[in-house]
Amino acid sequence: MQDYEKEILRIRKVLHKNRKKFWEENRKNFDANIKNILDQLKLTINIDDKWKVYITSFNFISEKEIPPFHYDSFSSTNLIAASKNQGYEIAMFINKARLGFLSFPALIPLMIHEIKHVEQAAKHPKKYLMSMIKDKISEKLEHEADKDIAKVSDEFRKEEILESILYCYDQWGWTAAQEMADFWHSKIETIYGFGYLKDMTKEEYAAFLEAKSKKDINRFIDFFAL
């Protein structure tokens, strides 16, 4: 992961400049980046060879645009089948509404989270199915998946937050950037089963609020300078 940390350093130097090109390149490379990350992360996963894992990425068909702070921007990993006759299959859905604009390093936290869900589903399929209707089980599994993200450099978490907020600012202005910041700082703990950990620290949130008060998004970028 050290090489990707160097990439984060490069990215943060260019975020002051023409970000429109940056978002466009990330969208163009999205599927290839996801495949690359999965190819590397699958070496860390411990499941039986009988399992097949299918990966798909798309946006929901919707009359309204789904921004990355919206509830319907979720990604998901689900069981398809788990028996001798039906097979052993898991499907991973990667939602481009929240992730399609992110760089390779910024995608890593979410992919670590979803890979953990693959492992959970394969090792304990009945428990994983029950999590769909039992909030306490869901909360525990989400908490476990989020804890795996902490095993890599914290710079990846920071990069996902920074890019997400900047993208919302570029697309819709300060109001949307505020909603994205609120999502990472507090809202995420209260949705999707209440198992997610708070992703944005108090200091990072304060840095965003200061940048907003000064109407200078570059102040927020500079706070994350390596």
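The table that follows gives values for the structure above.
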quantity	calculated
Criterion (over 19 Å from residue 48 (Cα atoms) and charged (D, E, K, R)) met by exactly one of 89, 142, 119	142
Filtered residues of the stretch 55-70 (kept if buried (at least 16 other Cβ atoms within 10 Å of the Cβ), without any contact (Cβ under 8 Å) to a residue 60 or more places away in the chain and within 12 Å of residue 96 (Cβ to Cβ))	57, 66
Yes/no for residue 107 being touching a residue at least 12 places away in the same chain (Cβ under 8 Å), of a type outside the set (Gly, Ala, Ser) and buried (at least 20 other Cβ atoms within 10 Å of the Cβ)	yes
First in the stretch 19-37 and farther than 16 Å from residue 8 by Cβ, second anywhere and of a type in the set (S, T, N, Q) and surrounded by 13 or more Cβ atoms within 10 Å (Cβ to Cβ), Cβ under 8 Å, 6 or more apart	30/57; 31/57; 34/57
Every residue from the stretch 121-147 that is within 18 Å of the chain's Cα centre (by Cα) and either among the hydrophobic types (A, V, I, L, M, F, W, C) or crowded, with 21+ Cβ neighbours inside 10 Å (or both)	141, 142, 145
Number of the exception - residue 101 against (1) touching a Pro at 6+ places or on another chain (Cβ under 6 Å); (2) modelled with pLDDT of 90 or more	(1)
Selection count, the stretch 112-125, where residues are touching an Asp or Glu at 6+ places or on another chain (Cβ under 8 Å) and either of a type in the set (Ser, Thr, Tyr) or farther than 24 Å from residue 183 by Cα (or both)	2
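The values are calculated or read from the model by the stated rules, or taken from the named source; none is laboratory data. Bear in mind that the values here come from a model prediction, so they are computed numbers and not experimental data. Neighbour counts are summed over all protein chains in view; Cβ atoms, including those assigned to glycine, are modelled from backbone coordinates with ideal geometry.
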